[in-house]
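Read the figures in this text as sums done on the coordinates, not as results from a lab. Quick caveat, the model's predicted, so the values are computed rather than measured. Please note: Cβ atoms are built from the backbone with ideal geometry, for glycine as well, and neighbour counts cover all protein chains shown.
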Amino acid sequence: MCLIQFGGRPSLESIGSRTDVASIDLSYQADGLAITTESSFIRVADNVNEHMGVLEKNIQQIERLHSKVIYETSPSTYTQVLRTREQCADDTGAVITKVRAGLQAMEQAANDINIHKGDRAVRGGRLVALARKFRDLIESYRKMEREQATRNRDRLARLYKISCPSASDAEIYQAIEDDKAAQALAQKISQSCRPAEARKVLKDVADRQGDIVTIERTVSELTGLQIDASEMVNRQQAKLDTIVVSIERVETGRSLGRLSEKNKRSASLAQHRRRTWWLILVAAALVIAVVLATTLGVLKSKGRL
């Protein structure tokens with residue numbers, strides 16, 4: 001099995017060609033994997049999601065092939081199933097590479113300072129959702145491989161016990177984990193079995209030991225992938241939270257500004273109304289004064305005062 005580490009920028013040549021999934025159609029630069037338009041961002045996200053659907057199916061297929069490898073007794077069939085599983089694992093590695101390439105391109109686009117914060121928040125939200133899904137798929141893949149390694153060990157222990165009944169459980173499990181102990185147990189098997197039978201048993205043991213090593217290497221690589229995917233989720237979530245808080249602050253400031261402007265307009269209107277009433281009162285007072293003065297003048301002229 002061959003998986004490619006998550007960190008670093010992958011080359012387009014490393015994506016692989018054996019999987020029959022359509023390649024990511026991005027229109028991004030070959031060097032920087034830069035998404036230049038909103039439509040290309042959406043297209044990348046859709047492709048990443050599609051590839052993760054294929055990844056999920058491949059994991060299930062690898063699990064079925066693991067079971068066949070473990071319990072197969074025919075050497076020729078065992079070899080054929082093993083090759084099929086390895087091919088499926090290689091195809092799965094190619095799909096993982098495509099997902100990583102897409103997620104990395106999306107992360108660059110989501111952090112583009114030249115676009116509006118709201119657009120960055122939308123992009124970041126979609127990226128976080130896809131990165132979490134990818135992380136969970138890798139975790140399920142890793143968990144399945146660990147379970148298969150345990151099943152392989154149990155199967156190998158039974159094979160040792162059948163071929164060498166005198167071996168203790170401690171000897172058997174030490175032989176599974178340690179080369180020197182395995183050589184010592186192989187010597188006991190050679191002494192207790194007929195040569196042809198011993199050769200067959202020891203070849204089966206060697207094949208299954210090698211399979212355990214391969215699976216554990218895959219588990220180690222998947223652990224690194226999961227850690228890197230988790231870091232991407234955390235990194236992008238932190239940036240997304242910062243953008244959301246910034247947008248909320250801007251919206252709060254705008255709301256306060258609108259409220260302040262409204263209050264200013266209300267105060268101005270109230271002041272205008274007060275001035276209007278004062279003018280009315282002054283005008284009324286002047287009218288009354290003129291009327292009184294006129295009335296008094298008339299009365300004086302008639303000698304009534």
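On a full-extension model of 0.36 nm per residue, what is the gain between E63 and T79, subtracting their alpha-carbon distance, rounded to one decimal in nm?
Numbers: separation 16, 0.36 × 16 = 5.76 nm, distance 1.65 nm.
Once the chain is fully extended between E63 and T79, it gains 4.1 nm.
Quote the FRET efficiency, to the nearest 0.05, computed for E231 versus Q87 with a Förster distance R0 of 25 Å and r equal to the Cβ-Cβ distance. Present the calculation step by step, with values, prior to reporting the outcome.
On the way: r = 31 Å, r/R0 = 1.22.
Once the sixth-power term is evaluated, E becomes 0.25.
Can you sort D169, D207 by how many other beta carbons sit within 10 Å, fewest first? Walk me through the numbers before you get to the answer.
Values: D169 10, D207 16.
Ordered from fewest to most neighbouring Cβ atoms within 10 Å, D169, D207 come out as D169, D207.
Give me the distance in nm between label points sitting 7 Å out from Cα along the Cα-to-Cβ direction at I42 and L159, one decimal.
Between I42 and L159, the simple spin-label model gives 5.4 nm.
Test of understanding: ordering Y71, Y78, Y160, Y173 by Cβ neighbours within 10 Å, fewest first, what list do you get? Could the numbers behind the result be given before it?
Details: Y71 11, Y78 19, Y160 24, Y173 15.
The fewest-first ordering by Cβ neighbours comes to Y71, Y173, Y78, Y160.
So how far apart, in nm, are the two label points at N49 and Q187 if each is 7 Å from Cα heading toward Cβ?
Between N49 and Q187, the label points sit 6.2 nm apart.
Along the Cα-to-Cβ line of R194, 7 Å from the Cα, sits a label point; which residues in the stretch 74-96 have backbone N less than 20 Å from it?
Within reach of a label on R194: 74-75.
All other residues with a Cβ under 12 Å from the Cβ of G125 taken together, and with Lys, Arg as +1 and Asp, Glu as -1, what is their net charge?
Values: positive: R120, R123, R126, R132, K239; negative: D119, D241.
Residues near G125 contribute +3 overall.
Take the residue pairs K161/K203; K68/K180; K68/K188; K143/K180; K143/K239; K57/K133 and return only those whose Cα atoms are more than 25 Å apart. Spell out each step's value before the answer.
Working: K161/K203 15 Å; K68/K180 29 Å; K68/K188 29 Å; K143/K180 29 Å; K143/K239 30 Å; K57/K133 14 Å.
Correct reply: K68/K180; K68/K188; K143/K180; K143/K239.
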